[in-house]
Structure formats: structure tokens, C-alpha cells
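Only one structure is covered here, and it is reproduced in the block below.
The values are calculated or read from the model by the stated rules, or taken from the named source; none is laboratory data. These numbers were taken from a predicted model, which means no experiment stands behind them. As a convention, Cβ positions derive from the backbone with ideal geometry for all residues, glycine included, and neighbour counts pool all protein chains shown.
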Amino acid sequence: DAGVIQSPRHEVTEMGQEVTLRCKPISGHDYLFWYRQTMMRGLELLIYFNNNVPIDDSGMPEDRFSAKMPNASFSTLKIQPSEPRDSAVYFCASSSRGPYGYTFGSGTRLTVV
Amino acid sequence: AQSVTQLDSQVPVFEEAPVELRCNYSSSVSVYLFWYVQYPNQGLQLLLKYLSGSTLVKGINGFEAEFNKSQTSFHLRKPSVHISDTAEYFCAVSDAGGTSYGKLTFGQGTILTVHP
């Protein structure tokens, strides 16, 4: 099993540009989570899906952020337009057993200049 | 809603010494509790979890944690640390049911640094 795959690993973009982060969960997992990690705020849950349906998006910072899960094997997190304060490491995690089987991806380090 | 407080942001310790990383949680319902470890430039890995039953939980790499319901704590311990244990450790809580089931809330993390 290749685990949770995130791409790209690193992304540097200019303020105002659109950024799309991608995640491929582990096959058979029915939960998918997007987290953001910063020094100031630690790990924040942005949104999570169950069976491809968004369950809780209360952590999405503002309308510039959107997430989709068109099928069980793919999810995207989009930021448009990006701002320097969006710079962070974004993690995707998937699970087949609710909260107690999380597998995290290696993360995408986003830098907005 | 749940919350997690990790009482120490940094813990320095010498190799082969014991260590305790402290975690307190707040929740109005029954909870599941977890400890994760993050090595530099990597994602988080599960160390151990408490779901029910025995309050002393053993995990990987010689770590263990004790669930104390009356003190709402879930402290992580290791009797003898190694240089390779240097990492950031996160305590996390989840509701054991209800509408928030499936969602983990993490503490701010504790950086454990093991010195030779």
C-alpha cells in the first residue's frame, strides 16, 4: 500500500494566484481529512468528508478556500486567490474506522510570496 | 466541542532518562484519545490510542499512556528515551459518537529533544 499520496510536496506561488493541492487516500478508506499546520495555530482541521460527502467544513478559513472529493480516490483543496498568510503545511489524512485509523500523507508545504 | 491542552511546548531530556509529556482534554461526552509523533518534514504517525477498557495503553517504540478520567488527562511516558525519539508529539481527542464522530482535535504539540 502506497499510503496517502499528496502532491505537490512543495509549492511556491505568488500572491493572488490559484493553488490546487491534491490528495489520493488509501483505497477502501471512507473518511478523508484536510488539515493545515502552522507555527502559530498548530494543526487545524479544515474540512472532512465521509463517503465523498463533506461533513464539516467549519474550519475552512474563508471563501477563498474550497475542497472537493469527486470520487473515493481523489480530493482537492483549492485556494483562490492565495495570500501570504496561507503559507503553511497542508496535510491530507484518510481513515476507514472513523477517528482511530488515521493515516496521514507527507504534506504539501505551501509558500505564498 | 472538545479541546486539548499540551502543557509543555518543549521538553529537553538526556538520553536514557525517563520522560513524561502531559496532555489534558476537555469534552462533554465520552472520548477517544490518541498520541501522534511527527518527525521533521514528515506526516503524523499514530503512537497509541485509548478507545475503552484498560486505562494504561501501550504503543509503539516503548511509549505508553494512562487515561485518567477524573483528571481528564492522557499523559505520555517512556521509561528510557533514545536520540531517535527526538520529534514533535501531538495529543488528540475525538468524540466517541455523535455528530462529530470521525473528527480529531489536536493539541499544540510538544517538541521532545533528546540530548546525548
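State whether one or more residues within the range A:82-105 are assigned to a helix (DSSP H, G or I), more than 21 Å from B:Phe90 (Cα to Cα), in contact (Cβ under 8 Å) with a residue 40 or more places away in the chain and not hydroxyl-bearing (Ser, Thr, Tyr). Checked against the condition, which is being assigned to a helix (DSSP H, G or I), more than 21 Å from B:Phe90 (Cα to Cα), in contact (Cβ under 8 Å) with a residue 40 or more places away in the chain and not hydroxyl-bearing (Ser, Thr, Tyr), the range A:82-105 yields at least one hit. Picking from residues in the range B:45-59 that are under 16 Å from A:Gly101 (Cα atoms) and over 12 Å from the mean Cα position of the chain (by Cα), the one that is surrounded by the most Cβ atoms within 10 Å (Cβ to Cβ) is B:Leu51. For the range A:31-44, the tally of residues that are touching a strand residue (DSSP E or B) at 6+ places or on another chain (Cβ under 6 Å) and either among the hydrophobic types (A, V, I, L, M, F, W, C) or within 10 Å of A:Ser95 (Cβ to Cβ) (or both) stands at 5.
Any residue at all in the range B:77-84 that's within 14 Å of chain A (Cβ to nearest Cβ), touching a strand residue (DSSP E or B) at 6+ places or on another chain (Cβ under 8 Å) and closer than 26 Å to A:Ser106 by Cβ? Within the range B:77-84, none of the residues are within 14 Å of chain A (Cβ to nearest Cβ), touching a strand residue (DSSP E or B) at 6+ places or on another chain (Cβ under 8 Å) and closer than 26 Å to A:Ser106 by Cβ. Scanning the range B:49-67 for residues that are assigned to a strand (DSSP E or B), touching an Asp or Glu at 6+ places or on another chain (Cβ under 9 Å) and among the hydrophobic types (A, V, I, L, M, F, W, C) gives B:Leu56, B:Val57. Looking at A:Leu32, A:Leu46, can you tell me which residue is more than 9 Å from chain B (Cβ to nearest Cβ), closer than 15 Å to A:Leu77 by Cβ and in contact with a Gly (Cβ under 6 Å, 6 or more places away or on another chain)? Exactly one of A:Leu32, A:Leu46 is more than 9 Å from chain B (Cβ to nearest Cβ), closer than 15 Å to A:Leu77 by Cβ and in contact with a Gly (Cβ under 6 Å, 6 or more places away or on another chain), namely A:Leu46. Close contacts from the range B:12-27, counting a first residue that is surrounded by 17 or more Cβ atoms within 10 Å (Cβ to Cβ) and a second that is aromatic (Phe, Trp, Tyr) and not in a loop (DSSP other than H, G, I, E, B), with Cβ to Cβ under 7 Å and a gap of 6+ residues or different chains, come to B:Leu21/B:Tyr89; B:Cys23/B:Phe74; B:Tyr25/B:Phe74. Name the residues in the range B:5-16 that are among the hydrophobic types (A, V, I, L, M, F, W, C), over 23 Å from B:Lys49 (Cβ atoms) and in contact with a Ser or Thr (Cβ under 7 Å, 6 or more places away or on another chain), would you? Of everything in the range B:5-16, nothing turns out to be among the hydrophobic types (A, V, I, L, M, F, W, C), over 23 Å from B:Lys49 (Cβ atoms) and in contact with a Ser or Thr (Cβ under 7 Å, 6 or more places away or on another chain).
Residues being at pLDDT 95 or above, within 13 Å of another protein chain (Cβ to nearest Cβ) and closer than 23 Å to B:Asp95 by Cα are entirely absent from the range B:11-24.
Once the range B:33-44 is narrowed to residues that are surrounded by fewer than 20 Cβ atoms within 10 Å (Cβ to Cβ) and modelled with pLDDT under 90, the residue that is nearest to A:Ser94 (Cα to Cα) is B:Gln42.
Residues that are surrounded by 21 or more Cβ atoms within 10 Å (Cβ to Cβ) and more than 9 Å from chain B (Cβ to nearest Cβ) within the range A:93-113 comprise A:Ser94, A:Thr108, A:Leu110, listed in sequence order.
If you go through the range A:61-69 one residue at a time, do you hit one that is in contact (Cβ under 8 Å) with a residue 60 or more places away in the chain and within 11 Å of the chain's Cα centre (by Cα)? Within the range A:61-69, none of the residues are in contact (Cβ under 8 Å) with a residue 60 or more places away in the chain and within 11 Å of the chain's Cα centre (by Cα).
Taking the criterion of being on the phi > 0 side of the Ramachandran plot, more than 13 Å from the chain's Cα centre (by Cα), of a type in the set (S, T, N, Q) and surrounded by 12 or more Cβ atoms within 10 Å (Cβ to Cβ), would at least one residue in the range A:28-42 satisfy it? The answer is no, given that none of the residues of the range A:28-42 is on the phi > 0 side of the Ramachandran plot, more than 13 Å from the chain's Cα centre (by Cα), of a type in the set (S, T, N, Q) and surrounded by 12 or more Cβ atoms within 10 Å (Cβ to Cβ).
Residues in the range B:68-106 that are under 29 Å from A:Leu32 (Cα atoms), at pLDDT 95 or above and either part of a loop (DSSP other than H, G, I, E, B) or of a type in the set (A, V, I, L, M, F, W, C) (or both): B:Phe74, B:Leu76, B:Thr86, B:Ala87, B:Phe90, B:Cys91.
Going through (1) under 23 Å from A:Ala2 (Cβ atoms); (2) basic (Lys, Arg); (3) within 14 Å of chain B (Cβ to nearest Cβ) one by one, A:Arg41 falls short only on (1).
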